[in-house]
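Below is one structure, written out as C-alpha cells, with a few remarks after it.
What follows is calculated from the coordinates using simple rules that are stated; it is not laboratory data. In this text the structure is predicted, and so the values were computed from the model without any measurement. Reconstructed Cβ throughout: ideal geometry from the backbone, glycine too, with neighbour counts over all protein chains shown.
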Amino acid sequence: MIARGGSHPQWSASAAAGIDTVVREIVGDTERALRRRWSTASVVVDDAAPVDAILRHARGAGAIVVGSRGQSRLERWMVGSVSRGVVRQARTPVLVVKKRPRAFRHLVVAYDGSNHARRALEMVASLKVPSRGRVTLLTVVDAIDPPSSVLLPGRLQRILAREAKAFGQERMARAREKLQRAARPLVDAGWRVRVDVRAGVASRELVTVPAVIGADVLVIGAKGAGGWTRLMLGSVAEAILDRASVSTLLVR
C-alpha cells in the first residue's frame, strides 16, 4: 500500500498530471517487484494520513510490514513517526524492516514466559520454516549484585558475594529449563533451536545479541491489552524498536 499523505495543496492541472504519472510509475514498479514472489499482489494508493490508511487497509491481515526510517534528521536515527504510529496502534503483528532485506533464516525470539511472549513464540512456530531455518530462544535474567559497603567486614562481604553468585546461577538454571520447555513447539514445527540465557539488562541484551550472533530478525511481544494501552508499547519493546540494528517483529 502507498499512502500519499492526506491533505495537499490545490495543484495546477499540469502539476497534478505529473504527480499522477510518478505515482503510477511507483505503483507499477512496486507491483512488479512484489509479484516476483506473490503472484496475486496488488498495490493500493490512498490519500489519507499514512498511519490511518495503513491500519485501515491492514484489517484482517496476518501482519504489517513497514520500513523503519522517517524523513527528518532526528527520525533517521530513530524509528520514523509513521512506523511508530503503526506499531503502537496495530492489533496485528508488525515487522519493522531496519536494513536491506535478505532471506530471514535466523530468528531471535525474546521469551520471558509472559502471554505476549508466548504469542510471539506461537507465531514463529506457525511460520513456514525456510531452508536452514533456525531460532535462538533468548531470555535475560536480571544480574544479582551482592550488597557492598565499606562498613561490612570482609568475611561477611565474601559470604554475601557467594550467596549472590549461587542465587544468580540458580535463576539462570531455572530460566534455561523454562526455555527448553518453551522450545518444543518450535522444534516440532521444524526449526533448529538453540536456547540462550543471559544475565544483564533486558533492553541492552536484546538489542546487542541479535547483531552479535548474525540474526536476521528479532521477535518480541509488544505489551498493550485494551483501551488506551494499545497506543503504548512496553518499555523494553520501545527501547528495542529504536535501538535494534536488525529487523524487528512485534507481536501482540
_Residues whose placed amide H lies under 5 Å from that of ALA222, excluding near-sequence neighbours_ = VAL251, ARG252
_Burial ranking of peptide ranges 29-35, 203-209 (average Cβ count within 10 Å, highest at the top)_ = 203-209, 29-35
*Efficiency by 1/(1 + (r/R0)^6): what FRET value for ARG155 and VAL212, r their Cβ-Cβ distance, R0 = 30 Å, to the nearest 0.05?*
0.15
*In whole Hz, with x marking every Gly and Pro, tabulate ³J(HN,Hα) for the stretch 182-193 from phi via Karplus 6.51 cos²θ - 1.76 cosθ + 1.60, θ = phi - 60°.*
5, 6, 4, x, 5, 5, 4, 7, x, 6, 7, 10
_Can you list residues from other chains, or at least 5 along the same chain, whose modelled amide H is less than 5 Å from the amide H of VAL109?_
THR136, LEU137, LEU138, VAL219
*Can you work out the FRET efficiency for the pair ARG184 and VAL45, with r the C-beta to C-beta distance and R0 = 35 Å, to the nearest 0.05?*
0.20
*Extending each Cα 7 Å along its Cβ direction at ALA164 and SER14, get the distance between those two points in nm, one decimal.*
7.4 nm
*Applying 1/(1 + (r/R0)^6) with R0 = 25 Å to the Cβ-Cβ distance of ARG118 and GLU177, what FRET efficiency is obtained, to the nearest 0.05?*
0.95
*How far, in nm, would the chain grow between VAL22 and ASP196 when pulled straight, counting 0.36 nm per residue and subtracting the alpha carbon separation?*
57.8 nm
_Rounded to whole Hz, the Karplus (6.51, -1.76, 1.60) HN-Hα couplings of the stretch 215-221, x for glycine and proline_ = 6, 8, 9, 9, 10, 9, x
*Global form of the stretch 80-136, assessed from the alpha-carbon gyration tensor, a/c cut-off 1.5*: oblate
*Listed highest first by mean packing, meaning other Cβ atoms within 10 Å per residue, what order do 164-171, 192-199, 13-20 come in?*
192-199, 164-171, 13-20
*Separation in nanometres of the label points that stand 7 Å from Cα toward Cβ, at ARG91 and PHE104*: 2.2 nm
